[in-house]
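Okay, so here's the structure we're looking at.
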Amino acid sequence: MKKYEILGYNDTRSGFGEGLLEAGKEDERIVALCADLTESVKMTDFKNAFPERFFQVGISEANMVGIASGLALSGKIPFCGSFAAFATGRVYDQIRQSIAYSKTNVKICGSHSGVTLGEDGATHQILEDIGLMKMLPDMVVINPCDYNQTLQATKAAAKYVGGVYLRFGRPKVPIFMDKDMPFEIGKAIILNEGKDVSIFATGHLVWEAILACEELEKEGISAEIINIHTIKPLDEKAVLSSVKKTRCVVSCEEHQFNGGLSDSIAQVLARNYPLPMEYVGVDDCFGESGKPEELMQEFHLKSRDIVLAAKKAISRK
């Protein structure tokens with residue numbers, strides 16, 4: 001299998017902050033809005049560089065979305081930042097009406113997603129946001145895997161004309177993607193070619209999938225690892241090309257099975273090429289308070305869980 005070197009550790013929210021700053025330097029139409037969480041969502045550098053293009057709206061997420069939509073209609077490219085739980089769940093009606101239905105060019109930026117938010121607990125650990133956002137017509141949903149990919153994804157979102165949901169997290173995780181690798185919305189990345197099982201992973205679970213691939217290789221199992229950074233539009237061609245070779249699937253996400261990457265993959269398979277599939281994700285429950293690593297283990301989101309799921313999928317061929 002291809003070996004991936006850890007280039008360092010950083011949180012994906014910092015990749016967003018760097019990407020937003022770089023995008024802002026390239027395009028003066030880009031503006032940023034935040035709901036009282038500027039430092040947490042890493043918008044401080046943009047705020048300091050472009051104070052006249054930064055708007056602190058306070059704890060008023062619905063108002064933030066409304067302002068952003070108005071700015072978009074006036075030719076600006078707004079980025080709205082908050083915790084993912086608030087950026088999606090708290091303002092779903094406003095996003096639906098003022099961004100999706102109205103087709104405004106607004107980027108919704110959700111930080112601190114998933115159980116790796118940690119000690120803040122279930123009220124803040126949203127595990128339904130991908131489902132909420134991908135059900136909106138024409139909404140692009142992006143969930144990058146590390147600092148470098150989040151940086152590039154943010155710049156790509158800035159250039160895309162239309163609504164985008166960009167999801168990222170709080171903990172420092174391995175950096176393993178090339179910083180200069182172009183980010184193409186809707187184009188999956190094959191990290192390792194294999195013939196026995198297809199493992200589709202998104203976000204923080206991509207690195208766990210790589211570790212699982214290494215363990216499977218030791219047991220003579222050849223796993224194909226594909227980084228699904230864009231959940232909508234899904235790269236159906238890449239999915240089908242892989243599964244027609246391996247004939248079984250594992251999906252991996254820090255999100256509910258229901259509504260997440262798992263559902264998207266399963267729909268493609270049901271319509272085109274039904275075969276055995278196993279899920280690694282959160283199974284119809286809320287999160288809980290704890291350290292990120294402990295919660296990854298508690299909710300069965302580690303590499304060993306992917307290994308077990310891969311073996312089960314293979315056994316069902």
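Provide Y160, Y101 in ascending order of the number of other Cβ atoms located within 10 Å of each residue's Cβ, fewest first.
Working: Y160 16, Y101 13.
Lowest count first: Y101, Y160.
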Return the whole-Å distance between the Cα centroid of region 146-192 and the Cα centroid of region 12-88.
-> 17 Å
Once a ≥ b ≥ c are taken as the square roots of the eigenvalues of the Cα gyration tensor of region 189-315, is the result rounded (a/c under 1.5), prolate (a/b larger than b/c) or oblate (a/b not larger than b/c)?
-> oblate
Could you state the angle between the C-alpha long axis of helix 205-218 and the longest principal axis of the C-alpha atoms of the chain, as a value from 0 to 90 degrees rounded to the nearest 10?
-> 20 degrees
Bins of 10 Å, starting at 0 and running to the largest distance - Cα pair percent for region 102-159 | 19, 47, 31, 4
Taking amide H positions as placed in the peptide plane 1.01 Å from N, state which residues far from F83 in sequence (5 or more) or on other chains have amide H under 5 Å from it.
-> S111
Ascending count of other beta-carbon atoms within 10 Å, so fewest first, for D138, D305 | D138, D305
Computed over region 169-317: relative contact order in percent, which uses C-alpha pairs under 8 Å that are six or more apart = 26 percent
Please build a GNM for the chain, connecting alpha carbons under 10 Å apart, and tell me which residue among V239, V161, V173 fluctuates the most.
-> V161
The chain: angle of helix 147-159 to the longest principal axis, Cα-based, in degrees nearest 10 | 50 degrees
All alpha-carbon distances of the chain, grouped into 10 Å bins from 0, give the whole-percent distribution 7, 29, 36, 21, 7, 1
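Given a Förster distance of 35 angstrom, what is the FRET efficiency for T44 paired with K3, based on the Cβ-Cβ distance and rounded to 0.05?
Here the calculated transfer efficiency is 0.45.
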Considering the options A201, L308, A238, tell which one lies farthest towards the positive end of the dipole of the chain, charges being +1 on Lys and Arg and -1 on Asp and Glu at the Cβ, about the Cα centre.
-> A238
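Compute and list, largest first, the equivalent-ellipsoid semi-axes of region 141-235 from the alpha carbon gyration tensor, each √(5λ) rounded to a whole angstrom.
On the way: eigenvalues 126, 40, 22 Å².
Semi-axis lengths for region 141-235 are 25, 14, 10 Å.
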For helix 303-315, report the angle its Cα long axis makes with the longest principal axis of the Cα atoms of the chain; keep it between 0 and 90° and round to the nearest 10°.
-> 50 degrees
If you bin the C-alpha pair distances of region 30-138 every 5 Å from 0, what whole percents do you get?
-> 2, 13, 24, 25, 19, 12, 5, 1, 0
Sorted by Cβ neighbour density within 10 Å, fewest at the top, the residues M1, M296, M133 = M1, M296, M133
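Read-outs: derived from the displayed coordinates by stated rules, not from any lab. Just so it is clear, the structure is predicted and the values come from calculations on it, not from any experiment. Every residue, glycine among them, receives a Cβ derived from its backbone with ideal geometry; neighbour counts consider all protein chains shown.
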